[in-house]
Structure formats: structure tokens, C-alpha cells
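The next block holds one structure in the form of C-alpha cells; read it before the comments.
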Ligand code: COA
């Protein structure tokens, strides 16, 4: 029997009610590119205004202008490093001054690269924990009073790489596992204030930095797309999940993880074994140095 055709690529504007997020404001770290920018864009297409934050002032202002132009909604781009609580506090203050409030927060800023533990300095390990884990914590600390005031919600963009051992990903695996744990505590501590917190864990999403770094070949060329539901993930697979969780459809959902990966964690060949020849890659990292370099 031949397999079924690939599932459709969802378009949030055709699935969710127009104006679903009218009068709402979303604040997103890492919102200037990739998956998080697409999540913000979908919410803006459905009526939200946005505050997006990343390290590079020029990049984030350009992305904010693009989002406003494409959606007709307000978008403010502010530069802040999620490792800096004062910078985040300032971004929240400026954003709230401009748009009045924050209803939703996407903790999306992340750092990653490929390196075996033997090639990972303490500072390299710490840097990724600082960006992903401390960055999430800092963002929550900077925004929680705003979300208490609006009975809002968090989505933390995590990953699936720590669901099993994945070579060259000690730093990111530890960081994302901590983010998952943190989200559950936020859910129980802030639930009584009317604030929800959930994890969205993307699988292999085409056209993202993470995918280009971790996947075996260039976008769409290897067998993982075949092994899963029949296509690679698209950014809109993730933005639809965000729209669902932030809408009233998700009103009774908190403290949970939503994996959007086309079933990849259950389906061989998995990234852990597909990306690099195993065990040669750990026995002799130099033998795959060119493969790693090509993805950094
Ligand atoms: N392999 C091993 N170590 C690396 C590395 C790599 N590819 N890239 C950076 N490091 C190490 C540095 O050597 C340094 O450690 P050291 O002081 O012991 O030498 C440490 O990490 C910090 O690097 P630095 O460049 O000072 O930090 P940064 O604040 O600029 O952050 C990144 C570096 C790579 C984490 C960050 O720029 C980044 O993540 N960029 C890509 C974003 C991305 O991949 N997003 C998608 C996430 S899925």
C-alpha cells in the first residue's frame, strides 16, 4: 500500500476567527526571526498588537516594521538581552507604555550550537543555560505582574531534544529540560492569579536556524520528512498551536507540554542517530568536524 499524501500545511488565518486577538497584546522574546516571529505574525493577523524583543536593535526594529506592514497591527521592536533583568524590565515598561498592557508572553529566545561535552567549555554550557533557562526565568519575572493584571498566559518555546540522549546537545538539553520544569511551577504558582503557562515543543521545522544546525542535510532533503507524517514541520504548525493555547480554546489548559513534531519522537530514524554516524561521532569527533562546521 502506498502512504497517504502529506497533511495540509495549516494557515492560522483560515482556521481561527478573524479578530480573535483584537485588543490583546503579545510580548515575545526572540520575536525578530524564525518560529517566534511567525507565532507573533499569526496573532497579529488575528488582531493582536505586539512587542518583540531581541538582542540586535537594528534587526528587531526591521522585523517589527515588517510585521506591522504585513498585518496592519502595531508592533514595537525593542532591543534587550534576556540575560539582563534590567534590560528586560525596561523593555516591558516601554512596551506597556506604548501599548497599555501585556496579555500574552512567548519566551522564545534561545541559543544553540553543536558540541560534544569534551569540546564544551564551562562558559559555553553556561551561556546556553543563561539564554534559555535564566532568560525564561528573567522574562517571567519581568512580565508576571502584567499577566496577573490581564489574566494572561505564557508559552515557552522548548524542544524535544532532551526527551532522549542527543549527542552534541548537553547544553541545550539541560537548558530546555529546566524550562519545561519551570513552566510547570509557573502554572501552579500563577494559576490562582488567573495566569496559565504551557510549553510548546517544536520538532524539525523547515527554514529555521535550529533545523539547519541539527538536521542531517539541507532543508527537506533527508529521509526524516518521509519517516514522519510525510512532510517536514512548517512554522505555521507551531503558530497554530500558539493561537489555540492563547485563545479561549486553551482556557482550561495549563502546566502542560505540547509537542508539535509530526510524531518524530516516536518515529525512526530519530535525529539522535540520523544526524551523525553513531558511535563514530562520539568516539572520534574530529571525523565529523566538517559536518558540524557546515551547520554552525
Ligand atoms: N562550539 C563550542 N563552544 C561554543 C560554540 C560552538 N559552536 N559557540 C560558542 N561557544 C562558546 C564560546 O567559545 C564561549 O565559551 P569560552 O568563553 O569558553 O570560549 C561561550 O560559548 C560563549 O560564547 P559567546 O560567543 O561569548 O556567547 P554569545 O553570548 O555570543 O552566545 C551563542 C553564543 C552561540 C549561544 C549565540 O550567539 C547563539 O545561540 N546564536 C545562534 C542562535 C540560535 O542558534 N538559535 C536557534 C536555537 S535552536
Q) Add -39500 (n - 2.57) for each DSSP H run of 4 or more in the chain, then divide by its residues: what number comes out at 222 nm, to the nearest 500 deg cm²/dmol? A) -12500 deg cm²/dmol
Q. Roughly how many Å is it from the Cα centre of the stretch 34-106 to that of the stretch 120-196, as a whole number?
A. 19
Q) For the stretch 12-288, what is the percent of antiparallel DSSP beta bridges, rounded to the nearest 5? A) 0
Q: Please grab the % of Cα pairs in the stretch 13-123 that end up more than 17 Å from each other.
A: 53
(Q) Can you tell me the mean projection area, over all orientations, of the convex hull of the stretch 149-198's alpha carbons? Units nm², please. (A) 3.5
**Q.** Taking only Cα atoms of the stretch 103-179, radius of gyration then Dmax in Å
**A.** 14.1, 47
**Q.** Proxy reagent accessibility, fewest Cβ within 10 Å first, across 37, 1, 43
**A.** 1, 37, 43
Q: For residue 290 paired with residue 126, estimate the spin-label separation in nm (one decimal), with each label point 7 Å from Cα along the Cα-to-Cβ line.
A: 3.6
Q | Cα-based Kirkwood hydrodynamic radius, the chain, one decimal, Å | A | 19.5
Q. Under a plain spin-label model, where a point goes 7 Å from the Cα along Cα-to-Cβ, how far apart in nm are residue 98 and residue 265?
A. 3.6
Q.
For the pair residue 283/residue 252, report the inter-label distance in nm, with labels modelled 7 Å from Cα in the Cβ direction.
A. 5.4
(Q) Could you sort the peptides 161-172, 115-126 by per-residue average Cβ neighbour count (10 Å cutoff), highest mean leading? (A) 161-172, 115-126
Q | Modelled label reach - residue 193, point 7 Å along Cα→Cβ, the stretch 113-156 residues with backbone N closer than 11 Å | A | 140-152
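No lab work stands behind these numbers, since they all come straight from the coordinates. Since we're looking at a predicted model, the values are computed, not measured. Cβ sites come from the backbone with ideal geometry, for glycine too, and all protein chains shown count toward neighbours.
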